[in-house]
Amino acid sequence: MNINHLHKASFFLSDKEKVKCLLCPKECIIVDGKTGFCGVRKNIDGTLYSLVYGKPVAVHIDPIEKKPLYHFYPGSEILSIGTFGCNLSCQFCQNHDISQADKHKIESLEKQKELTPEDLISICKKNNLEFLAFTYNEPVIFYEYMLETAILCKKNNIKTVMVSNGQINPKPLLNIIEFIDAFNIDLKSFNDNFYKEICNGKLEATKETIRIIAEHKKHIEITFLLIKDFNDNEQEFNELCKFIKSVNPEIVLHISRAFPRYKLEIKTTPVDLLNKFKDTALKYLKNVYTGNV
Ligand code: SF4
C-alpha cells in the first residue's frame with residue numbers, strides 16, 4: 001500500500017506499536033497493519049490512516065426528502081456521497097453492500113481516482129446544487145473527508161447534511177458541528193441490548209449525540225426503522241418518544257418501514273404497524289411521518 005496517497009486520520013493515540021482510535025465509541029485498539037472495526041482506518045507504522053478519504057463509492061443527486069429530511073428546505077435537490085465501511089454491523093442493514101464491504105473491496109479503492117472536496121464543490125456548482133449530504137454509509141468513518149468537504153462547503157455557501165447512526169465521540173462531534181447545517185440521526189431502538197446484540201453499538205452514544213446536536217440548535221430529524229418482532233416493543237417506543245420530547249418536542253420523527261435485506265430474517269414492516277406507532281409518537285411529538293411506504 002502506497003502511503004503517500006493516504007490521508008492521515010485524526011483523533012487517535014499511538015504508542016508506535018498500536019494505535020487507539022478515539023473517533024467513535026468503539027475506541028478500537030489497532031495493531032500495525034490492521035484496520036479498526038469499520039475496516040477503513042488502518043494502522044501503518046504507528047500512524048492511523050483513512051482508506052476512504054476521497055474515495056466515495058456512491059455519488060448521486062437525490063431529493064432532500066430521501067435523506068430523510070422533511071423540514072429542511074423541502075423540494076431541494078442534494079448531492080449525496082457515501083463510501084465503504086461502518087462502525088456498526090446491524091444485522092438488518094438496508095445498505096450492507098457498501099457499509100459492510102469486505103477487505104478486498106476496500107483495498108481495491110487504492111486504484112480509484114480521488115474525488116477531492118474541491119471536486120465535490122465543482123459538481124455542486126455545475127449542477128446548481130446548494131446542498132451536500134454525507135450519507136448512504138456511516139459518515140463518521142470518513143470523518144476527515146467529511147470535515148474538509150464541509151469546511152469548503154461553508155466557504156462556498158453550500159449547506160451540509162450528515163445522516164448518521166450517531167455513534168461518534170463528543171470531541172470529534174463538537175469539532176465538526178459548526179460545519180454541518182442539518183442532521184438525520186438513526187435511533188434504532190430504546191433498548192441497549194438491541195444495540196449491543198443486533199447492531200454492535202451503544203444506545204447511550206446515540207442519545208448523547210442527539211442531545212449535543214440539539215444543544216447547538218442545529219436542525220435535527222430522527223429516523224426509527226421499525227422492525228416487526230425486533231424493536232416493536234410498545235413500552236420501549238413510548239420511552240423513545242419521551243426521550244425525544246425531553247430534548248425538543250419539535251424534533252421531526254420518521255418511522256420507516258424495514259425490508260428483509262441482510263442477515264436478520266425479518267418481515268417487511270406491515271403498514272398497519274407503522275401507522276399504529278405513528279399514532280403513539282403523536283402523543284409526544286408534533287412532527288411524525290411514516291417512511292418507505
Ligand atoms: S472509527 Fe472505526 S477504527 Fe475508529 S473507533 Fe470507530 S470503528 Fe474503530
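The values are calculated or read from the model by the stated rules, or taken from the named source; none is laboratory data. These numbers were taken from a predicted model, which means no experiment stands behind them. With ideal geometry, Cβ positions are generated from the backbone for all residues, glycine too; neighbour counts draw on all protein chains shown. Remember, those area values only see protein heavy atoms, side chains included, never the ligands or the DNA or RNA. Shrake-Rupley method; radii C 1.70, N 1.55, O 1.52, S 1.80 Å.
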If we sort 116-127, 157-168 on the protection proxy, mean other Cβ atoms within 10 Å, highest first, what's the order?
157-168, 116-127
Return the equivalent ellipsoid semi-axes of segment 3-50 as a descending list in whole Å, where each equals the square root of 5 times an eigenvalue of the C-alpha gyration tensor.
14, 12, 9
So L264 and V293, fully extended at 0.36 nm per residue minus their Cα-Cα distance, gain in nm 8.4 nm
Per residue value of the accessible surface for segment 108-257 (all protein chains in place, 1.4 Å probe), Å²
41
Extension gain from D97 to Y73, taking 0.36 nm per residue of separation minus the Cα-Cα distance
5.7 nm
For segment 97-110, Karplus couplings with θ = phi - 60° (6.51, -1.76, 1.60), whole Hz, Gly/Pro x:
4, 9, 5, 10, 4, 7, 3, 5, 5, 5, 5, 5, 5, 3
For segment 1-158, list log₁₀ I(q)/I(0) at each q in 0.09, 0.13, 0.14, 0.16 Å⁻¹, using the Debye formula over Cα point scatterers of equal strength and ignoring solvent, two decimals each.
-0.30, -0.62, -0.71, -0.91
Which value at 222 nm does the chain reach when only helices count, each DSSP H run of 4 or more adding -39,500 (n - 2.57), with the total divided by all residues and rounded to the nearest 500 deg cm²/dmol?
-7500 deg cm²/dmol
Between E130 and K66, how high is the FRET efficiency from 1/(1 + (r/R0)^6) when r is the Cβ-Cβ distance and R₀ = 22 Å? Nearest 0.05.
0.85
At K171 and I123, where each label point lies 7 Å from the Cα along Cα→Cβ, what is the point-to-point distance in nanometres?
3.2
Whole-number D in µm²/s for the chain (Stokes-Einstein; Kirkwood sum over Cα pairs; 4 °C, 1.567 mPa s)
67
Averaging sequence separations of C-alpha pairs under 8 Å and six or more residues apart, then dividing by the length of segment 1-147, give the relative contact order as a whole percent.
23
When the Cα centres of segment 26-48 and segment 230-293 are compared, how far apart do they sit, in Å?
35
FRET efficiency, K8 to N193 (Cβ-Cβ, R0 51 Å, nearest 0.05)
0.90
A58 to K20: extension gain in nm, 0.36 nm per residue of separation minus the Cα-Cα distance?
10.8 nm
